[in-house]
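Encoded as structure tokens, the structure appears first; notes follow it.
The values are calculated or read from the model by the stated rules, or taken from the named source; none is laboratory data. Keep in mind it's a predicted model, so treat the numbers as computed, not measured. Here Cβ is always computed from backbone atoms with ideal geometry, including for glycine, and neighbour counts include all displayed protein chains. Only protein heavy atoms, including side chains, enter the accessible area calculation; ligands, DNA and RNA are left aside. Shrake-Rupley method; radii C 1.70, N 1.55, O 1.52, S 1.80 Å.
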Amino acid sequence: MSRSGRFAAWWPGGGADPGEGHEPDPRFTFANERTFLAWSRTALALVIAGLGIVQLLPPFPRVPIGRHLLGVPLIVLGAVLAIVAYGEWVRNQRALRRGDPLPRSVMPWILAATIAGVAVISAIVLLISALR
Amino acid sequence: MTDPEPSDPKPGDTAASETEEGDAGLALERTSLSWTRTALSFAALGGVMLRENVITGLIILAVVPLIWRLGRLPRSGSTLGGLPTVGARRIRMITVSIVGVSLLSLLVAVLGPSVPGALHR
């Protein structure tokens, strides 16, 4: 599928007739909505964590940008998660309407990879600041 | 190949939908509570932000009642026995709000004055 085709399929009403398929069982629709809201809260928690790290933690000795190295990726991840969660909600809702199998979610992978990355950066920053 | 469990409803399974109307009602309640939790998350972020930047914090706190209200608006496209279906507009609004709040937080984090060691006090 071309890049524009993938975007059209992701954006509601862009790639397919919004009226296609049938109205899914409301329980599935509500469950899809709750999943989206849970990811939204995760995104907000990441933003809060990033903001707290940058604004409230004491500076790391020898690593003046240490707090920004840790906090800014978390805030950016919060925005990315919100956008990807929206895309997933659209894809899931479309699959429910068509009766297709639900698409595999990439969000746990994004979250795990970023948190692992931040953990590695944290370890490096702590090690450098401890070597006085 | 085994047959699916009778109690395992599939999308569009009208027989299952008809027998599970009570569950759909509970699903609506669970979803409303989920919206409330999301509004509280916004409030938490607004509270944190108030410490750093009062105006930004107030902007985020002003979003809280809107988010809470969004979860209680009647849903468009009621096509299945009068049961509500979700509209994409409110989902889009949440997404835009979170992205906007993230950008504000990024600006405050990078440009705003910090309170180093506030967690130690």
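Using only the heavy atoms of the protein chains and a 1.4 Å probe, how would A:39, A:89, A:109 rank by accessible area, largest first?
The ranking, largest first, comes out as A:109, A:39, A:89.
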(request) Starting from the range A:43-91, pick out the trypsin sites (Lys or Arg not before Pro) whose DSSP state is loop and whose Cβ has at most 14 other Cβ atoms within 10 Å. (result) A:62
(message) Ordering A:48, A:115, A:75 by accessible area with a probe of 1.4 Å, largest first, what comes out?
(response) A:115, A:48, A:75
(request) Treat each spin label as a single point 7 Å out from the Cα along the C-beta direction, and report the residue A:83 to residue B:30 distance in nm. (result) 3.1
(message) Can you give the local net charge around residue A:52? Use residues other than it whose beta-carbon is closer than 11 angstrom to its beta-carbon, Lys and Arg +1, Asp and Glu -1.
(response) +1
(message) Students sometimes get this wrong: rank A:42, A:35, B:38 by accessible area, probe 1.4 Å, all chains present, largest first.
(response) A:35, A:42, B:38
(message) Going by amide H atoms built from the backbone, whose H comes under 5 Å of the H on residue A:60, apart from near neighbours?
(response) A:66, A:67
(request) May I ask you to find the residues of the range A:53-76 that are shielded by at least 40 Å² of accessible area once the whole protein assembly is considered instead of their isolated chain (probe 1.4 Å)? (result) A:55, A:56, A:58, A:75
(request) Could you work out how far apart the two model spin labels at residue B:40 and residue B:111 are, taking each label as a point 7 Å from the Cα in the direction of the beta carbon, and quote it in nm? (result) 3.4
(message) If I model a spin label at residue B:59 and residue A:98 as a point 7 Å from the Cα along the Cα→Cβ vector, what separation in nanometres do I get?
(response) 3.9
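Report the accessible surface area buried between chains A and B, summing both sides, using a 1.4 Å probe on protein heavy atoms only, in Å² rounded to the nearest 100.
For A against B, buried area totals roughly 4200 Å².
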(message) Please report the carbon-and-sulfur percent of the accessible area for the range A:34-119; probe 1.4 Å, protein heavy atoms only, DNA, RNA and ligands left out.
(response) 72
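Using a probe radius of 1.4 Å on heavy atoms only, what accessible surface per residue do you get for the range A:26-121? Whole Å² is fine.
For the range A:26-121, the solvent-accessible area averages 40 Å² per residue.
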(request) Apply the Karplus parameterisation 6.51 cos²θ - 1.76 cosθ + 1.60, with θ equal to phi minus 60°, to every residue of the range A:104-117 and state each ³J(HN,Hα) to the nearest whole Hz, in sequence, with x for glycine and proline. (result) 6, 8, 9, 5, x, 5, 4, 5, 4, 5, 5, 5, 4, x
